[in-house]
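Remarks on the structure that follows.
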Amino acid sequence: MLSPFLAYLLSVVVLCRTARSQYSSDQCSWRGSGLTHEGHTRDVEQVYLRCAQGFLEWLYPTGAIIVNLRPNTLSPAASLLSVCIKPSKESSGTHIYLDRLGKLRLLLREEDQAEGKVHCFSIQDGALFIEAVPQRDISRKITAFQYELVNHRPAADPQSLSAPCQPCTDAEALLAVCTSDFVARGSILGVAEEEDQTSVTVSLSRLYRQKTQVFVSGGGRAKRWTGFVKMPRQCGVKPGEGEFLFTGTVRFGEAWLSCAPRYKDFLRVYQDAQQQGTNPCHLDTD
């Protein structure tokens, strides 16, 4: 049997077509079927996705597809983006590689996809080359995953979904108020260690912004919100007294912490910057 790399070269020589499907395709997501390959089991289809997030679903995979993930606007900062994919736990029927200038690097085997774990890589590492595993019965095989483009802090690992553990600088904390998916003031109720991450239960006295509803209101006259924020297990966070300013990103429906200074420390930094006229954006601190 040919190696994936030789099969890939042969596929491109035989036929390289723009993605077509009996299902649907747009700039964010793609649904397709290997049955459109008809008898051409070595066809390679090109798929182009131009959104910050979306999904892919490939039924009855045969041959291969190349998935090109890019932001919908080009800028110098785009080269710093990472791509994170989260396979469905039912995903099967293919191996997933990174394709950079015709050189393939294995990212996920078929059996790895069933774990449903998030895997990230730099956008400069290339496109996704998804190759069907040869088999007699493809009727029960579906490859499916969600994807998101992630803009990391400068010191972050491009292969990780989470931010680094070191505290943010004053400048990073001020900027996080402007750019984060969620900004909230509150306290830590508890910390739970999970397999490869830490889940922190928080109670919020003030919710300035949230991209999606990761924090829910407890109702009542004294309005508060509760929820969970994630961080790497190696950060070693512990419950602490006092209030914090929580900021971070929402990835695949989960809140991931980036900057979380103590609120009294942030307030001092914010007021100093306000006096100097250097605040990047406004936060109601009353």
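The values are calculated or read from the model by the stated rules, or taken from the named source; none is laboratory data. Since the structure is predicted, the reported quantities are computational estimates derived from the model, not experimental observations. When we count neighbours, we look across all protein chains shown, and the Cβ atoms used for this are built from the backbone with ideal geometry, even at glycine. Accessible surface is based on the protein model in full, side chains and every heavy atom, while ligands, DNA and RNA are left aside. Shrake-Rupley method; radii C 1.70, N 1.55, O 1.52, S 1.80 Å.
Residues that are part of a strand (DSSP E or B) and closer than 24 Å to Q53 by Cβ within the stretch 213-224 comprise just one, V216.
Residue-by-condition table, conditions (1) in a loop (DSSP other than H, G, I, E, B); (2) of a type outside the set (A, V, I, L, M); (3) open to solvent by 40 Å² or more (accessible area, probe 1.4 Å); (4) in contact with a Lys or Arg (Cβ under 8 Å, 6 or more places away or on another chain):
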| residue | (1), (2), (3), (4) |
| --- | --- |
| K230 | no, yes, no, no |
| K238 | yes, yes, yes, no |
| E241 | yes, yes, yes, no |
| L245 | no, no, no, yes |
| G248 | no, yes, no, no |
| C259 | yes, yes, no, no |
| D265 | no, yes, yes, no |
| V269 | no, no, no, no |
| D286 | yes, yes, yes, no |
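The C-beta contact set for the stretch 260-286 (first residue at positive phi, second residue assigned to a helix (DSSP H, G or I) and open to solvent by 40 Å² or more (accessible area, probe 1.4 Å), distance under 8 angstrom, 6+ apart or interchain) is empty.
Test A144 against the stated conditions and say whether it is touching a Gly at 6+ places or on another chain (Cβ under 9 Å), at pLDDT 80 or above and open to solvent by less than 50 Å² (accessible area, probe 1.4 Å). The answer is no for A144. Residue check: is R100 open to solvent by 10 Å² or more (accessible area, probe 1.4 Å), at pLDDT below 95 and in contact with an Asp or Glu (Cβ under 7 Å, 6 or more places away or on another chain)? Yes, satisfied.
Contact map, the stretch 101-112: residues that are under 14 Å from I142 (Cα atoms) paired with residues that are surrounded by fewer than 16 Cβ atoms within 10 Å (Cβ to Cβ) and among the β-branched types (V, I, T), Cβ distance under 7 Å, separation 6+ or inter-chain. Pairs shown: E110/V133.
Checking each residue in the stretch 179-199 for being surrounded by fewer than 16 Cβ atoms within 10 Å (Cβ to Cβ) and of a type in the set (A, V, I, L, M, F, W, C) picks out L189, V191, A192.
Between T73, T62, T143, the distinction of being under 23 Å from C28 (Cβ atoms), of a type in the set (S, T, Y) and touching a residue at least 12 places away in the same chain (Cβ under 8 Å) belongs to T143 only.
Looking at the stretch 271-282, can you tell me whether even one residue there is closer than 15 Å to C165 by Cβ, open to solvent by 20 Å² or more (accessible area, probe 1.4 Å) and not small (G, A, S)? Within the stretch 271-282, not a single residue is closer than 15 Å to C165 by Cβ, open to solvent by 20 Å² or more (accessible area, probe 1.4 Å) and not small (G, A, S).
For (1) more than 16 Å from the chain's Cα centre (by Cα); (2) assigned to a loop (DSSP other than H, G, I, E, B), each residue gets a yes or a no:
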residue	(1), (2)
T73	yes, yes
C84	no, no
E90	yes, yes
D99	yes, no
L104	yes, no
F129	yes, no
P134	yes, yes
R140	yes, yes
T143	yes, no
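How about the stretch 200-212: which of its residues are open to solvent by less than 30 Å² (accessible area, probe 1.4 Å) and part of a loop (DSSP other than H, G, I, E, B)?
none
Any chance you could count how many residues in the stretch 182-207 are more than 23 Å from the chain's Cα centre (by Cα) and touching a residue at least 60 places away in the same chain (Cβ under 8 Å)? Result for the stretch 182-207: 2.
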